[in-house]
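Below is one structure, written out as structure tokens; the observations come after it.
The values are calculated or read from the model by the stated rules, or taken from the named source; none is laboratory data. Treat the numbers as computed from the prediction; the structure is a model and nothing was measured. We place every Cβ from the backbone using ideal geometry, glycine too, and count neighbours over all the protein chains shown. Quick note on the areas: whole protein, heavy atoms, side chains included, nothing else; ligands and nucleic acids left out. Shrake-Rupley method; radii C 1.70, N 1.55, O 1.52, S 1.80 Å.
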Amino acid sequence: MQFNPQEISALAQAESAAPRMNMYAAIHKALRAFMADTLTGLGRVDTDDDLDLSQACDRVLALMDFCRSHLQHENEFVHTAMERRAPGSAGTVAREHEEHEQAIAALAAGAARLQDCPRDRRARVAHALYQQLALFVAHNFQHMHLEETAHNAVLWAHYSDAELAEVEGALVASIPPVEMMVVLRWMLPCMAPAERAMMLDGMRREAPPQAFEAALSVARPHLSQAEWGKLARALNLAP
């Protein structure tokens, strides 16, 4: 993939002229953060420390579960919407999703093997898993860029923002509460302050009070004091 400064300028102009409903923006911030954190954690794991190794492997397995669910959500809701009005438009990414499913299964198996690996082989196996995870993350970063550009172009050409909000609403409603807490743990801390406040304000208005409180509790430990202060002021929360 080549870096394209012209694309950045074009995107900036498009965003300033007419911002559109972007289903990919927030969840992809969460995915990028979860992937980067897991990769760097695996890279610095102490293979002589049983607990450290177990936690690093568990994080890889949790990331794979997250990625697997994300693929399913996109296939069921986003790709279905694209194919409904622009047949064939999701084909390239759908094929990449099939490749990702195979990679996810292989990485999960690799993490499980590392957990049970003899101590004298741990360092070599951990480094091999780290290299494969790095390639997976690199490809996913490119993959998400394709979705955020080419897929959004299709969605924006064929759907109104209100219709896209309905698609996203159905997708979000399908996510089990336990999985949603994982989503929010990685999504909320990685959003811009205005995005974070808007999402939580919407939850406060539309979701049960306990859901809003749970979202705050999962996000707060991962926000700086300044970030929490901005959120508290935006939502009129106790500091």
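Spatially, segment 78-100 and segment 118-162 are offset by 16 Å when compared through their Cα centroids. Were the residues from Ala94 through Arg220 laid out at 0.36 nm apart, the gain over their Cα-Cα distance would be 41.8 nm. Computed across segment 78-184, the Kirkwood radius stands at 16.5 Å (inverse of mean 1/r, all Cα pairs). If R₀ is 25 angstrom, what is the calculated FRET efficiency for the pair Glu213 and Ser174, using the beta carbon separation as r and rounding to 0.05? Once the sixth-power term is evaluated, E becomes 0.65. Distance between the 7 Å Cα→Cβ label points at Arg32 and Asp65: 2.6 nm. For segment 138-196, the square roots a ≥ b ≥ c of the C-alpha gyration tensor eigenvalues yield an a/c of 1.5 or more together with a/b not exceeding b/c, which makes the shape oblate. With only Cα atoms counted, segment 165-239 has Rg and Dmax values of 12.1, 35 Å. In the full protein context, the chain carries 54 Å² of accessible surface per residue, based on a 1.4 Å probe and ignoring ligands, DNA and RNA. Full extension of the chain segment joining Glu206 with Leu51 gains 51.7 nm, where the gain is 0.36 nm per residue of separation less the Cα-Cα distance. Multiplying the residue separation of Gln115 and Ala157 by 0.36 nm and removing their Cα-Cα distance gives an extension gain of 10.4 nm. Helical content of the chain, expressed as a calculated mean residue ellipticity at 222 nm, amounts to -24500 deg cm²/dmol (DSSP H runs of 4 or more residues, -39,500 (n - 2.57) each, divided by residue number, nearest 500).
Within the accessible surface of the chain, defined with a 1.4 Å probe on protein heavy atoms only, the carbon and sulfur portion equals 57 percent.
Averaging the Cα positions of each part gives two centres, and for segment 171-239 and segment 24-68 these lie 21 Å apart. Global size of the chain: 19.4, 59 Å for Rg and Dmax (C-alpha atoms, Rg to one decimal, Dmax whole).
Principal axis extents of the Cα atoms in segment 103-239, from largest to smallest and rounded to whole angstrom, are 55, 43, 27.
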